[in-house]
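The values are calculated or read from the model by the stated rules, or taken from the named source; none is laboratory data. Note that the structure is predicted; figures quoted are calculated from it, not measured. Positions of Cβ are backbone-derived with ideal geometry, glycine not excepted, and every protein chain shown enters the neighbour counts. In case anyone asks, the SASA skips ligands and DNA or RNA and just uses the protein heavy atoms, side chains included. Shrake-Rupley method; radii C 1.70, N 1.55, O 1.52, S 1.80 Å.
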Amino acid sequence: MKHLKSAIIVILATIALSCASHGPGGGAKTGPGPLFPVENDFKWGFIDSKGGLVIPYKYEGAVDFSEDRALVKLDGKWGYINPFGIMVISPRFEEAQKFSEGLAQVKIDGRYGYIDKVGKIVSEPMFEKSEPFSEGLASVKINGRWGFINKEGKMTIEPRYERAFSFSDGYALIVEDGKGGYIKKNGNVFIKPEYGWAEGYSEGLACVLLDGKYVYLDEFGEVKLETGFEGARHFKEGAAAIMKNGKIGFINKSGLIIVQPEYDEAGDFSEGLATVRLGGKWGFVNKRGEVVIEPQFVTAVSFSDGLAIVELGGGKWAYIDRKGRFVWKSSD
């Protein structure tokens, strides 16, 4: 089961930073080209988009590249390498996350702070929890409440919220007394917390539950699109997952169904394809609702830089290209 565990580590590390939305193998943008973490006999390295080993198997753990830095683990600590495999930030962190807007979250002595791309601490590790930087600000938790800091580590929005999420489209979702609302970057309330369910803004719209219906708010806080679905989700690449009669499909920004609701589960669109689950197996569809890669995998994660990570069963996992061809498989 070692390969299954390794695959899950990569997948979870990727999903945990969905705000940064890089996907599994969100490769480096310079140097040798996109690189993707792989594992063999408990050691991790990186392959290129054709499956060739570029950085040898020598790490205890690895997470995909973001902003020309990849997380790697040595001697129980996390550090960062560049696309040429050079250790640019020595492994010294209990936990660490991918870079976003030039900064990354790290954990030292049980607290979170931020470093720059050469490893310099720009915000001291003093937070109980933290999120990646987005639109120049990062949400942080201190003394049980959430607020926001800027890239100099200065608290620009005082920690007063039950929960606060990353800024997107100029607004951040905040939670008070279990209700969702939105604030602006100056800390002023844009929409007071009044929704029992809400998501952050994405592509100019925010999905909320209003009077028992899922609706989408525009940049003015007005209802832009009403739906009659049992469930709905944020937009990604112009498509949003919805639920009808217990099944998942997708709509466009006009509210028209573009992928019929016939799936048991679905992920977001990325690079024109979305993961869907049918009959216990995962595959991929396009925005015309066509099945591009037949459901056949135990799990699947969205495409990034032309490849997607899939679990094959029996503890095996792999990278596939957009035609469903295997680029790399884990060993037995």
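Quick one: how many residues across the range 284-307 are at negative phi, open to solvent by less than 50 Å² (accessible area, probe 1.4 Å) and either free of Cβ contacts under 8 Å to residues at least 24 places away in the same chain or acidic (D, E) (or both)? First the steps, then the outcome.
Of all residues in the range 284-307, those at negative phi come to 284-288, 290-304, 307.
Then keep just the ones that are open to solvent by less than 50 Å² (accessible area, probe 1.4 Å); that gives 284-286, 293, 295, 297, 299-304, 307.
Filter again for either free of Cβ contacts under 8 Å to residues at least 24 places away in the same chain or acidic (D, E) (or both), leaving 286, 295, 297.
Adding up the residues that qualify gives 3.
Note on the range 89-140: residues that are polar (S, T, N, Q), closer than 20 Å to A62 by Cβ and in contact (Cβ under 8 Å) with a residue 40 or more places away in the chain total 2. When you check K281 against the structure, is it over 30 Å from R163 (Cβ atoms), at pLDDT 95 or above and surrounded by fewer than 18 Cβ atoms within 10 Å (Cβ to Cβ), yes or no? So K281 fits the description; yes. When G147, G170 are checked against the criterion of being surrounded by fewer than 15 Cβ atoms within 10 Å (Cβ to Cβ) and closer than 23 Å to E199 by Cβ, a single residue qualifies: G170. The numbered conditions (1) buried (at least 23 other Cβ atoms within 10 Å of the Cβ); (2) out of contact with any Pro (no Cβ under 8 Å at 6 or more places or on another chain) are all true for F65 except (2). Of the residues making up the range 247-262, none is at pLDDT 95 or above, over 25 Å from G204 (Cβ atoms) and open to solvent by less than 20 Å² (accessible area, probe 1.4 Å). On the stretch given as the range 156-167, residues that are within 19 Å of Q105 (Cα to Cα) and open to solvent by less than 50 Å² (accessible area, probe 1.4 Å) total 5. Going by the structure shown, is S130 within 30 Å of E222 (Cβ to Cβ) and buried (at least 18 other Cβ atoms within 10 Å of the Cβ)? Spelling it out, it is not the case that S130 is within 30 Å of E222 (Cβ to Cβ) and buried (at least 18 other Cβ atoms within 10 Å of the Cβ). Out of curiosity, is K151 assigned to a strand (DSSP E or B), more than 30 Å from V327 (Cβ to Cβ), within 24 Å of the chain's Cα centre (by Cα) and among the charged types (D, E, K, R)? Here the answer is no, as K151 does not meet what is asked. Residues in the range 39-61: is at least one within 26 Å of S166 (Cα to Cα) and open to solvent by less than 50 Å² (accessible area, probe 1.4 Å)? Scanning the range 39-61 turns up no residue that is within 26 Å of S166 (Cα to Cα) and open to solvent by less than 50 Å² (accessible area, probe 1.4 Å). Scanning the range 233-246 for residues that are open to solvent by 10 Å² or more (accessible area, probe 1.4 Å) and either over 21 Å from the mean Cα position of the chain (by Cα) or hydrophobic (A, V, I, L, M, F, W, C) (or both) yields a total of 4.
Going by the conditions given, is Y182 open to solvent by less than 20 Å² (accessible area, probe 1.4 Å), in contact (Cβ under 8 Å) with a residue 12 or more places away in the chain, within 19 Å of R233 (Cβ to Cβ) and touching an Asp or Glu at 6+ places or on another chain (Cβ under 8 Å)? If you could, list the steps in order and put the result at the bottom.
Working: open to solvent by less than 20 Å² (accessible area, probe 1.4 Å): yes; in contact (Cβ under 8 Å) with a residue 12 or more places away in the chain: yes; within 19 Å of R233 (Cβ to Cβ): yes; touching an Asp or Glu at 6+ places or on another chain (Cβ under 8 Å): no.
Here the answer is no, as Y182 does not meet what is asked.
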